[in-house]
Amino acid sequence: MTTTPSVLDAATAPPVAASTPLAARAIGLRKAFGSTVAVDGVDLDVPAGSVLGMLGPNGSGKTTLIRMLLGLTRADSGTAELLGHAIPDDAARALPHVGALVEGPGFHPFLSGRENLLRVAATEPLLGSREIAGAVDAALERVGLSAAAGRRFRGYSLGMKQRLGLAGALLLPRRLVVLDEPTNGLDPAGTRDVRRIIAELHAAGSTVIVSSHLLDEVEATCTHVAVLQSGSLVAAGELAALLESGTGGLDVVTPDVDRALDVLREAGVAAYRAPGDEPGVVVGEDGPPTAETIALLVRAGVAVQEARRRRARLEELFARLTEETR
Ligand SMILES: Nc1ncnc2c1ncn2[C@@H]1O[C@H](COP(=O)(O)OP(=O)(O)O)[C@@H](O)[C@H]1O
Ligand SMILES: [Mg+2]
């Protein structure tokens, strides 16, 4: 359910973000398997139209969280919503609009890729019986599986199996597409295909949730990220904003590394020796503004050859987040 703020309440209306429609929502979701807490009370909002990258090392709870959102795994506590419907209670109203690729019971080994997909398509409530064949062929084409569509599933490579699963998620236009590690088993060409498909879905206005342990993949395709560590969400939000929050550090190139470190430390500025071959120092992100730092060094006689603001990569941000919580 979405709430529309009344114009009369404009002055006291919640911030825009609070009224943005959500494609998916987790509130305090928790799931344990025996003594293993797979997902430990996760709150997550997935805005409609976003491409959310769910990041985390293997075993951090990505698949379990996704399965709870889809109603495939029952949560121990907390609630899930898809497209405004409570999951699992109202799953039947949400799921026709949701395409999903998740690990789990797969396709029939002795049927061809096309035959398997025809079976899946027959269970789609929004596909009329006369639309099924066309939808299946279009989906096979979209994932690059047309040529192999007549071969038995059991002869498929891991990458072809992934492509067939992806085709199942794309049988009809979806408001939400959930892809759990879609590039597992795919070669570089397959990975590019997945990126293209995600970009097409985004351009068409669909929301995409894509989990991955590959940071580059997420950085290239996502508008939002959620970072899981040992079942807990350690960061979530817009990718650009998260990367911004991870910046502010300054790289200073200078041959006078020891002197520079002394000067900065005396001034109470956190700094360390630059890694890599180029001599220099790295000023921590809580340091003073660039001009101030340079002035400080130059006044003390340090030869500053170059200074540049660091722009964090997702990889650095991720390392920082997962270290802090360890
Ligand atoms: N069906 C299950 N039975 C027992 N333990 C499970 C099951 N599913 C997941 N786990 C455990 O829960 C944790 C999170 O797993 P998972 O959600 O698959 O993480 P990810 O997808 O990030 O690799 C892991 O420790 C995993 O071993
Ligand atoms: Mg997983």
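Where a number appears in this text, it was derived from the coordinates with a stated rule and is not lab data. A quick note: this is a predicted structure, and the numbers were derived from the prediction, not measured. Note that each Cβ is placed from the backbone with ideal geometry, even for glycine, and that neighbours are counted across all protein chains shown.
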Signed unit charges on C-beta, dipole axis of the chain, positive-most listed residue 218, 319, 102: 102
Cα-based Rg / Dmax (Å) for the chain: 24.2, 80
Rounded to 5, the percent of DSSP beta bridges in the chain classed as antiparallel: 65 percent
Candidates 125, 88, 47: whichever shows maximal mean-square fluctuation once the chain is modelled as a Gaussian network with Cα springs under 10 Å: 125
Max mean-square fluctuation residue, GNM over the chain, Cα-Cα springs under 10 Å, options 228, 101, 111: 111
Sites matching trypsin sites (Lys or Arg not before Pro) across segment 229-296 that sit in DSSP coil, with at most 13 neighbouring C-beta atoms within 10 Å: none
Additional length obtainable on full extension of the chain from residue 123 to residue 138, 0.36 nm per residue less Cα span: 3.7 nm
Segment residue 192-residue 103, length gained on full extension (0.36 nm per residue, minus Cα span): 30.0 nm
Charged-residue dipole, Cβ positions (Lys, Arg, Asp, Glu), the chain about Cα centre, Debye nearest 20: 1280 debye
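Restricting to DSSP loop positions (anything but H, G, I, E, B) with no more than 13 other Cβ atoms inside 10 Å of their own Cβ, which trypsin sites (Lys or Arg not before Pro) remain in segment 55-114?
Filter output for segment 55-114: 74.
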Highest-MSF residue in the chain out of 256, 137, 193 [GNM, Cα springs under 10 Å]: 256
For segment 98-149 and segment 156-182, distance of Cα centres in Å: 9 Å
